[in-house]
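The numbers here are math on the coordinates, done by the rules we state, and not lab data. Nothing here was measured: the structure is a model prediction, and the numbers come from that model. Cβ placement follows ideal geometry from the backbone for every residue including glycine, while neighbour counts extend to all protein chains displayed.
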Amino acid sequence: MMVDTHTHILPGIDDGAQSLGESLRMLRKCRDQGVKKVVLTPHFYPTVESVDSFLARRAQAYETLCSAVTEDLPQLILGAEVAWCPSLEHMEQLTDLTMGNSRYMLLELPYMAWDNSHLDGVRELILDGRVVPVIAHVERALHLQRRGQYQALAQLQVPMQISSEIFGKPFGGKKALRLMSQGSWMIGSDCHNTTNRPPCMDRAARYLQAHGQELRQCLDWTF
Ligand SMILES: [Fe+2]
C-alpha cells in the first residue's frame, strides 16, 4: 500500500496548501497516483510557537479538510514536521507530534553543515525513547555535510525520510537506492502545492518498478 509520509496538504497552516480547494486538488493527485494514505506533516517551529498553539491550529485545519474529503480520497493521518532546536528532547508533548499512533516523528534538521549539537540532539531523542526521530528529506542537505557527518548520523540507526522527487532527477534514483540500502527509511513527497512542489509518489513508484521493486515503506506502519 502506498503511503505518502510527508505532505503539506492541510489548508492554510504553513507554506503548503493555501486553501481548501488546493488541499483537495493535492489529495486527488495523490489518489490518482495510487496513494492510499497520506500523513499530514505541517511545519512546527518550537522556537516560535508552543505545542498547544500548533496543535490547536492543526486541529482546526484538519477539521476543515475532513469536512470536505470524499471517500475516494486517501486516508488522512496527522503528524508534524518538527524543526530541530536545542534541547528538543526535553520538550513535553513530544508524543503529540508523531505520525498517527506511531512513535515516528518527522524531524527537520537545518539546511547547513550539521555539527555535534545536531547529532547529539538526535542521539538524545533516541535515548529519551518517547519518539523515534525520522530525518526529513535527508538527501537535501547531504552535499553540505563534512566528511563523516552523514555516516555518524547513519550510525545512530535513525530512520531517514527520502523525497520521492529525487527519483525523477538525473542520478537521483541511484542516490536514493544507496540511501535505502544503508538503513531504515520512509519515502514521502514533501508536497506543498499542485504546481512546483506537487504530490509525486508516482516518481518513486515508477523508478522502483523499473528496477524490480515495489514501493513499500520500509518501516512497519502501525497507524
Ligand atoms: Fe516538509
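Of the chymotrypsin sites (Phe, Trp or Tyr not before Pro) in region 85-129, the ones in a loop by DSSP (not H, G, I, E or B) with at most 12 other beta carbons within 10 Å are 111. Extending 7 Å from the Cα toward the beta-carbon at both residue 151 and residue 52 defines two label points whose distance is 4.7 nm. Sites listed here are GluC sites (Glu not before Pro) in region 49-99 whose DSSP assignment is loop and whose Cβ has at most 14 other Cβ atoms within 10 Å: 49, 71, 92. Between the alpha-carbon centres of region 102-177 and region 15-73 there is a gap of 23 Å.
Summary value for the chain: 23 percent relative contact order, contacts being C-alpha pairs under 8 angstrom separated by 6+ residues. Each Lys and Arg contributes +1 and each Asp and Glu -1, all at the Cβ; summed about the Cα centre of region 66-223, the dipole is approximately 820 debye.
Remark: spin-label model distance residue 214-residue 93 equals 4.0 nm, labels positioned 7 Å along the Cα→Cβ axis.
When the alpha-carbon atoms of region 2-210 are used, the pair Rg, Dmax equals 16.5, 49 angstrom.
Dividing the summed helix terms, -39500 (n - 2.57) for each DSSP H run of n ≥ 4, by the number of residues in the chain produces a 222 nm estimate of -9500 deg cm²/dmol to the nearest 500. Residues whose amide H falls under 5 Å from that of residue 40, counting only those 5 or more places apart or on a different chain, are 77, 78, 79, with hydrogens built in the peptide plane.
As a rough footprinting exposure proxy, the listed residues 69, 134, 3 were ranked by other beta carbons within 10 Å of their own, and the order from fewest upward is 69, 3, 134. Of 162, 135, the sequence from fewest to most neighbouring Cβ atoms within 10 angstrom is 135, 162.
In a DSSP loop and with at most 12 other Cβ atoms within 10 Å, the GluC sites (Glu not before Pro) in region 130-223 are 214. Summarising the amide proton neighbourhood of residue 191: residues at separation of 5 or more, or on other chains, whose placed amide H is nearer than 5 Å comprise 8. Neighbour counts of C-beta atoms inside 10 Å place 194, 95 in the sequence 95, 194, starting with the fewest. For the chain, modelled as a GNM whose springs connect Cα atoms under 10 angstrom apart, the maximal fluctuation among 183, 16, 212 occurs at 212.
Structure remark: mean-square fluctuation, Gaussian network model of the chain, C-alpha springs under 10 Å; the largest value among 15, 190, 202 belongs to 15.
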